[in-house]
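**Q** After the structure tokens below, expect a handful of questions from me.
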Amino acid sequence: MSDAILAFWWQHAPVLSVLLPSFTAMALLLLGDAGGLSAQGGEHDATRLRWRRRLSLASVLLGAAMAAGLVLRASSGELMVYRLGEWPAPFGIVLVLDRLSALMVLLTYLVAAPVLWYATGGWDSRGRYFHAIYQFQLMGLAGAFLTGDLFNLFVFFEVLLIASYVLLLHGQGRERLRMGIHYVVLNLAGSGLFLIGLAMVYAVTGTLNMADLALRVAQLSGDSALIARAAALVLLVVFGLKAAMLPLYFWLPATYAAASAPVAALFAIMTKVGVYSIIRTHWGIFGVDAGEASLAAQAWLLPLALSTSVLGALGALAAHSMSRMVAYLTVSSVGTILAGVGLFTPETLSAALYYTLHSTIVIAGLFLLVELMAAQRGEALDKLRPAVALREPVLLGMMMIFGAASAAGLPPLPGFLGKLMMLESSAGLAAQAWVWTVLLGVGFLTMVGLARAGVIVFWHIQPEPAQDATASGASFKLLSATWLFMGLTLALAVLASPVKRYTDAAARQLADKAAYAEAVLAEQGGAAARTTRPYDGRRSATPPAVQPPNEENPR
């Protein structure tokens, strides 16, 4: 029986990673969530809340195990193509499992599991259908990372964005509503631009399958190639908005600061969807071997990435609250990652992928840690101003030092290792001086900004006696969720060598467009596939004969 289940999972692993959170969300909706408003109330509501928590946590843990299995399978180098409805690509929808997509799905669950555990400490009961929406968010994330089609990437973007709209407002509050409106409007505008970019790509290639596009774009010339380059830049704007890249990052600090702690922590993976999409399109489609459309974004991506990193660090240095400071660190980390992507070498991309793992885990943990400290600071909350002393200054202080050291890139933590990989891989490139200056300077500014926050929180104490810590500050469950992120950070440092080998292989695999086409378009001839017939504006050479009018065929 177990062998049959395992065989079934191996056969359908990609789609099951999308269906698991989807079915879990539907089950949670059927379970109901009265939000404390049911007629029975009391113990009945508490029982249903416990069952929602159990079901949601069990699903996330199972999803994490499945994601680890995806990484294990992808590590062999095999590309797994799952054809929905058995329709061959590029005519049908496909999910493609490679090293990069498997890594991103695993990262999603490594963030989602501790965050959900933290949310069950009380945040999940401050609004309705938190667990169902949380699962829909995971469904959209898994689908976005696994899809092999640009239009379906758009569809999964909409799924995860709609879920994020609801999660952002969870817990209610005027500031969340205000920032939620901004967030929705900006993302709706981004979705409209996304469709425009897809229409431009489809107009000149006749396909939206990623493997097919990589072949078709390389064959374009003249005006068609110019339209393709324009489409590449439109998509860079769209994904730059999602990733929070300059000049499109200004929405993020206030939005993430307004969200509840577990939602902000989960949103640490949201910017990486934009980063992932930039990698897929500008490496896999408009990359080095894309003919006249090659490296359409190269002139823009690296300067914008470096500027994003610097401005994010400056924002963190000037932030007036701890949550806004961590949000700016999110922006800065995105810039650092995109700098590695924008150098367009497999070595820098590998370093960027390692740094992606580090920054996502550290940022998520810092959002949770900020709330733990804010809960013990009385009316000051997370504002960077003098307040009453923390009830657990030693414990929270050590956690703050660990998080700050990792975020700033101090040895021997993975932040240091990731930046060292970036520095080494960029050596000898034309932009080496710029990359080295920015990375080292941003690390210094980050360290200063976090040190400033630590001095204010732990040393600038008001003379009033310390108040009793609130439940959220003293809860073992909330502390343990943050410790899980710290443990993942240590594991990433200890396992740096095998993780780096994996990211090296992922970067090489991504650069091998021929192998990707051979796997996805196998039925059509692989890299030699001819799946479209471009329209050249001419009618057929032999027009159909016109039948004379008669009683059966009147004009």
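The values are calculated or read from the model by the stated rules, or taken from the named source; none is laboratory data. Here the structure is a predicted model, which is why all the values come from computation and not from measurement. For neighbour counting, all protein chains shown are included, and Cβ atoms are generated from backbone atoms with ideal geometry for every residue, glycine included. Only protein heavy atoms, including side chains, enter the accessible area calculation; ligands, DNA and RNA are left aside. Shrake-Rupley method; radii C 1.70, N 1.55, O 1.52, S 1.80 Å.
**Q** Semi-axes of the equivalent ellipsoid for the stretch 298-512, please: Cα gyration tensor eigenvalues, times 5, square-rooted, ordered largest first, whole Å.
**A** Ellipsoid semi-axes (Å, largest first): 34, 18, 12.
**Q** I would also like to ask the following. Relative contact order (percent) for the stretch 298-512, with alpha-carbon contacts under 8 angstrom and 6 or more residues of separation?
**A** That works out to 29 percent.
**Q** Under the definition of Cα pairs under 8 Å and six or more residues apart, what whole-number percent is the relative contact order of the chain?
**A** Dividing the mean separation by the residue count of the chain yields 15 percent.
**Q** Taking the mean number of other Cβ atoms within 10 Å as a proxy for protection, how do you rank 113-120, 168-175, 205-212, 256-263 from highest to lowest?
**A** The most tightly packed comes first, giving 256-263, 113-120, 205-212, 168-175.
**Q** So, in the chain, how many Lys pairs have Cα atoms under 19 Å apart, if the pair is 8 or more places apart or on different chains?
**A** 4
**Q** Let a ≥ b ≥ c be the square roots of the eigenvalues of the Cα gyration tensor of the stretch 266-322; is it rounded (a/c under 1.5), or, if not, prolate (a/b larger than b/c) or oblate?
**A** Verdict is oblate for the stretch 266-322.
**Q** Still on this model: As I understand it, the value is the acute angle between the Cα axis of helix 496-511 and the longest principal axis of the Cα atoms of the chain; what does it come to in degrees, rounded to 10?
**A** 30
**Q** Now for a different question. I'd like to compare 307-320, 46-59, 416-429: which one has the highest average count of other Cβ atoms within 10 Å, and what's the full order after that?
**A** Highest mean packing first, the order is 307-320, 416-429, 46-59.
**Q** Along the charge dipole of the chain, which of Val341, Gly143, Leu479 sits closest to the positive end, that is, farthest toward it, with unit charges on the beta carbon of Lys, Arg, Asp and Glu (+1, +1, -1, -1)?
**A** Comparing the listed Cα positions along the dipole, Leu479 ranks first.
**Q** For the stretch 91-140, rounded, prolate or oblate, judged on the Cα gyration tensor with a ≥ b ≥ c (square roots of eigenvalues), a/c < 1.5 rounded, else prolate if a/b > b/c?
**A** oblate
**Q** Given 20 °C and 1.002 mPa s, compute D for the stretch 80-176 with the Stokes-Einstein relation, Rh being the Kirkwood radius over Cα pairs; round to the nearest whole µm²/s.
**A** The Stokes-Einstein estimate is 145 µm²/s.
**Q** Right, something else. Once the dipole of the chain is set up with Lys and Arg at +1 and Asp and Glu at -1 on Cβ about the Cα centre, which of Ser406, Ser56, Gln219 lies farthest towards its positive end?
**A** Ser406
**Q** Something else now. Write down the accessible area per residue of the stretch 295-415 in Å², having rolled a 1.4 Å probe over the full set of protein chains.
**A** Per residue, the stretch 295-415 has 27 Å² of solvent-accessible surface.
**Q** Quickly rank 346-352, 220-226 as a protection proxy: mean count of other C-beta atoms within 10 Å, highest first.
**A** Top to bottom by mean Cβ count within 10 Å: 346-352, 220-226.
**Q** Which value, in debye to the nearest 20, gives the size of the charge dipole of the chain about its Cα centre, when Lys and Arg are +1 and Asp and Glu are -1 at the Cβ?
**A** That gives the chain a dipole magnitude of about 720 debye.
**Q** So how strong a dipole does the stretch 298-512 carry about its Cα centre when Lys and Arg Cβ are +1 and Asp and Glu Cβ are -1, to the nearest 20 debye?
**A** Dipole about the Cα centre, nearest 20: 60 debye.
**Q** Can you find, among Met325, Leu6, Gly454, the residue sitting farthest towards the positive end of the charge dipole of the chain, where Lys and Arg contribute +1 and Asp and Glu -1 at Cβ?
**A** It is Gly454.
**Q** Can I ask one more? How far, in degrees from 0 to 90, does helix 2-31 lean away from the longest principal axis of the Cα atoms of the chain, to the nearest 10?
**A** It works out to around 60 degrees.
**Q** Using θ = phi - 60° and the Karplus form 6.51 cos²θ - 1.76 cosθ + 1.60, what ³J(HN,Hα) does each residue of the stretch 313-323 get, whole Hz, x for Gly and Pro?
**A** 5, 5, x, 5, 5, 9, 4, 9, 9, 5, 5
**Q** Taking the square root of 5 times each eigenvalue of the Cα gyration tensor, what semi-axes in Å does the equivalent ellipsoid of the chain have, largest first?
**A** Each semi-axis is the square root of five times an eigenvalue, giving 42, 29, 22 Å.
**Q** To continue, here is another question. Helix-only mean residue ellipticity at 222 nm, the chain, DSSP H runs n ≥ 4 weighted -39,500 (n - 2.57), per residue, nearest 500. What is it?
**A** -23500 deg cm²/dmol
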